[in-house]
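Take a look at the structure set out below.
The values are calculated or read from the model by the stated rules, or taken from the named source; none is laboratory data. These numbers were taken from a predicted model, which means no experiment stands behind them. Note: ideal-geometry Cβ built from the backbone for every residue, glycine included; neighbour counts use all protein chains shown. In case anyone asks, the SASA skips ligands and DNA or RNA and just uses the protein heavy atoms, side chains included. Shrake-Rupley method; radii C 1.70, N 1.55, O 1.52, S 1.80 Å.
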Amino acid sequence: MFKGCTSLIQAPELPATTLVDYCYYNMFGGCTSLETAPELLATNLANSCYSNMFAGCTSLVNAPELPAITLTNHCYAGMFAGCTSLNNAPELPAITLANSCYSNMFNGCTSLTTAPELPATTLAQGCYVGMFTDCTSLTVVPELPATTLTSNCYNAMFYGCTSLTTAPELPAT
């Protein structure tokens, strides 16, 4: 809808609470002047609903709250990829994950220093793939309490995070 609108500074309100597949997909992608994200109230998500929503929004400093606790396939995939000014990640309270739900969510967020807590204990296929890839300022990673893993769940999660000095404990057996 607004993809590539490089002069857009403020986003419109998005009051929807129940979403459908791909509804906000890439909505603000490449809006390089967007400084403030709209409030995202939805707790009933759909496949790929927020995927790539703010990808390439290089002026975005703060992410909106993401209150959903049950995720869907690819729902947050690439949501903030390339947001090089993003300082603060939103809380991610979800405990029920889905395939690739967080994949590449913060990929290339070079100003991000602290990763949000990830409370889920049962993971889904590819759920954290590349989640923090190339977050070169990331110095603090969350505990990873998951005890039930699936294929590719942690694949390249911290790849290219050159400022990390310690890795999280992995309790899964």
**Prompt:** Yes or no: Gly108 modelled with pLDDT of 95 or more and open to solvent by 20 Å² or more (accessible area, probe 1.4 Å)?
**Reply:** no
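One line per residue, one yes/no per condition, for (1) under 18 Å from Leu45 (Cβ atoms); (2) more than 15 Å from the chain's Cα centre (by Cα); (3) open to solvent by 10 Å² or more (accessible area, probe 1.4 Å):
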{"residue": "Phe80", "(1), (2), (3)": "yes, no, no"}
{"residue": "Leu97", "(1), (2), (3)": "yes, no, yes"}
{"residue": "Leu118", "(1), (2), (3)": "yes, no, no"}
{"residue": "Ala124", "(1), (2), (3)": "yes, yes, yes"}
{"residue": "Cys127", "(1), (2), (3)": "yes, no, no"}
{"residue": "Thr133", "(1), (2), (3)": "no, no, yes"}
{"residue": "Asn152", "(1), (2), (3)": "no, yes, yes"}
{"residue": "Phe158", "(1), (2), (3)": "no, no, yes"}
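Counting only residues that are closer than 19 Å to Gly130 by Cβ and either of a type in the set (D, E, K, R) or more than 17 Å from the chain's Cα centre (by Cα) (or both), how many does region 161-173 have? Can you show your working first?
From region 161-173, those closer than 19 Å to Gly130 by Cβ are 161-164, 167-168, 170; that's our starting set.
The next check asks that each one be either of a type in the set (D, E, K, R) or more than 17 Å from the chain's Cα centre (by Cα) (or both); those that pass are 162-164, 167-168, 170.
Number of matching residues: 6.
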**Item:** Cross-chain or 6+ apart pairs with Cβ under 7 Å, region 71-86 first and closer than 18 Å to Cys101 by Cβ, then outside any loop (DSSP other than H, G, I, E, B) and open to solvent by 10 Å² or more (accessible area, probe 1.4 Å)
**Value:** Leu71/Thr96
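Would you call Asn52 within 22 Å of Pro142 (Cβ to Cβ) and either touching a Phe, Trp or Tyr at 6+ places or on another chain (Cβ under 6 Å) or open to solvent by 20 Å² or more (accessible area, probe 1.4 Å) (or both)?
Details: within 22 Å of Pro142 (Cβ to Cβ): no; either touching a Phe, Trp or Tyr at 6+ places or on another chain (Cβ under 6 Å) or open to solvent by 20 Å² or more (accessible area, probe 1.4 Å) (or both): yes.
Spelling it out, it is not the case that Asn52 is within 22 Å of Pro142 (Cβ to Cβ) and either touching a Phe, Trp or Tyr at 6+ places or on another chain (Cβ under 6 Å) or open to solvent by 20 Å² or more (accessible area, probe 1.4 Å) (or both).
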